[in-house]
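Here's the structure we're looking at; comments come further down.
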Amino acid sequence: MNIYATIYKKGGINLMDRDTLSKLIEEKINSVKIIDVHTHLYPPFFEKLLLRGLDELLTYHYLIAETLRYISIDPDKFFALPKKEQSEIIWKTLFIEKSPISEAAKGVITTLNEFGLDLEKRDLEEYRRFFSSLSLEEHIDLVFEKANVDYVVMTNDPLDMEEMNYWQNNLSLDPRFKPAMRLDKLLDFKNFLKTLRDKGYDIDKELSEKTIKELKRFLEDSYHLMNPLYAAISLTPDFKFPENSERERILREVILPFSEEFNIPLALMIGAKRRINPLLREAGDGIGKGDITAIENLCREYPNNKFLVTMLSRENQHELCVTARKFSNLMIFGCWWFLNNPSLIKEITKMRIELLGFSFIPQHSDARVLDQLVYKWKHAKRVISDVLIEKYDELLKTGWVLKPEEIERDIYNLFRGNFIAFLEK
């Protein structure tokens, strides 16, 4: 008897063949309300900090770097141009003179198509008119509906004075935007002495006991102001723990105790090499292989802390998976930045399922422009769906009987349940 003939039947669903299995998985993935655990988006209250619209989509740093591979223009001259002219150059270079085949270029096309715009026309001004016709609230509503996102987690820097002005001005947050507290600058506090002192913290130039105490007070005050879901730090590939440095002292004496006391995860994003080509500015960042030993040491030495970890190098992914098998206080999340490509998402998601079952968070958008939520989640869901179809099909062939509600449960956990449970742990 064909294995599918024995599969559980309920509510008119009969998983008798791979086609039916595929349709069920796609239906459940497309219906689950996603929690996007890491973005660089802002709520409407933050006004100009929330990037949106066609010109912001086109001048995303991925597309800038790709364009400057094709055209002969001094990067400084390109960046000196108004954003509208930059986007017109990018449109002409990547979408008219070339086919938009790269993941970033294809993402723009996916977004325009999801908004119902006529792609055959290739009319930039018509597309601009569509975006400009949307109010801010209409735009946010449309994007969240198309992406089927419940809420996004922001990146909020308590030492960014422009952003803090909004937080301190009777902020009323849209519930679709949840805070996360970014602490990169705290590790480099000496370069932010004036900011900290202007905010009322008696910080020395050296990492004295008084400075440690004041940095703790700053974190606690920032927590009560923002109520973040987690704290986060982006780290270079050479990050080590321990390392006999001021950075280690701040982690041990300030950030890790704070994270444990308030029971919030510390998200570590490891592997970014900043400005390997400084001429390209934000578009000039690169990647490097990190040291998993640092993660092992943190998880082992701080069993009462929770760590959300994503790493930028493909070469780190297998070792990171094996490490996650050993520590329940470690939650892997997403295919970050340069890993956010279908071929790599597929490879990494398959490996994670094979090693970790469903105990990870498969993706986050890392969106910097509101409209990117549309394509990043549409593309990611398609790949993750294909992986799940393959893995469930293999499971069924062993003789295991699957119920539709069990598939729904697994998908719910991947796209939201695992994150919620880790926060509450």
Helices (runs of 4 or more DSSP H) wholly inside the stretch 37-80 containing at least 1 residues that are free of Cβ contacts under 8 Å to residues at least 24 places away in the same chain and within 20 Å of TRP336 (Cα to Cα): none
Set SER359, SER313: member being within 20 Å of ILE287 (Cα to Cα) and among the hydroxyl-bearing types (Ser, Thr, Tyr): SER313
Residues that are crowded, with 19+ Cβ neighbours inside 10 Å and not acidic (Asp, Glu), drawn from the stretch 33-43: ILE34, ILE35, VAL37, HIS38, THR39, LEU41, TYR42, PRO43
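Residue-by-condition table, conditions (1) on the phi < 0 side of the Ramachandran plot; (2) touching a residue at least 60 places away in the same chain (Cβ under 8 Å):
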{"position": "GLU354", "(1), (2)": "yes, no"}
{"position": "ASP366", "(1), (2)": "no, yes"}
{"position": "VAL369", "(1), (2)": "yes, yes"}
{"position": "LYS376", "(1), (2)": "yes, yes"}
{"position": "ARG382", "(1), (2)": "yes, no"}
{"position": "VAL387", "(1), (2)": "yes, no"}
{"position": "GLU390", "(1), (2)": "yes, no"}
{"position": "LEU395", "(1), (2)": "yes, no"}
{"position": "THR398", "(1), (2)": "yes, no"}
Pick from the stretch 163-193, criterion basic (Lys, Arg) and either closer than 19 Å to LYS48 by Cβ or at pLDDT 95 or above (or both), ranking: farthest from the chain's Cα centre (by Cα): LYS185
Single condition LEU298 does not satisfy, out of (1) surrounded by fewer than 17 Cβ atoms within 10 Å (Cβ to Cβ); (2) assigned to a helix (DSSP H, G or I); (3) in contact with a strand residue (DSSP E or B) (Cβ under 7 Å, 6 or more places away or on another chain): (1)
Single condition GLU347 does not satisfy, out of (1) without any contact (Cβ under 8 Å) to a residue 60 or more places away in the chain; (2) outside any helix (DSSP H, G or I): (2)
Some residue of the stretch 20-28 being modelled with pLDDT of 95 or more, touching a Phe, Trp or Tyr at 6+ places or on another chain (Cβ under 9 Å) and over 30 Å from PRO278 (Cβ atoms): yes
Residue in the stretch 111-135 that is farthest from LEU58 (Cα to Cα), counting only those that are among the hydroxyl-bearing types (Ser, Thr, Tyr) and surrounded by fewer than 18 Cβ atoms within 10 Å (Cβ to Cβ): SER135
Candidates LYS190, LYS205 - the one that is assigned to a loop (DSSP other than H, G, I, E, B), farther than 30 Å from PHE422 by Cβ, of a type outside the set (Asp, Glu) and out of contact with any Asp or Glu (no Cβ under 8 Å at 6 or more places or on another chain): LYS205
Test: LEU229 is in contact with a strand residue (DSSP E or B) (Cβ under 9 Å, 6 or more places away or on another chain), crowded, with 18+ Cβ neighbours inside 10 Å, of a type outside the set (Ser, Thr, Tyr) and part of a loop (DSSP other than H, G, I, E, B): yes
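The values are calculated or read from the model by the stated rules, or taken from the named source; none is laboratory data. Treat the numbers as computed from the prediction; the structure is a model and nothing was measured. Glycine also receives a Cβ, built like all others from the backbone with ideal geometry; neighbour counts cover every protein chain displayed.
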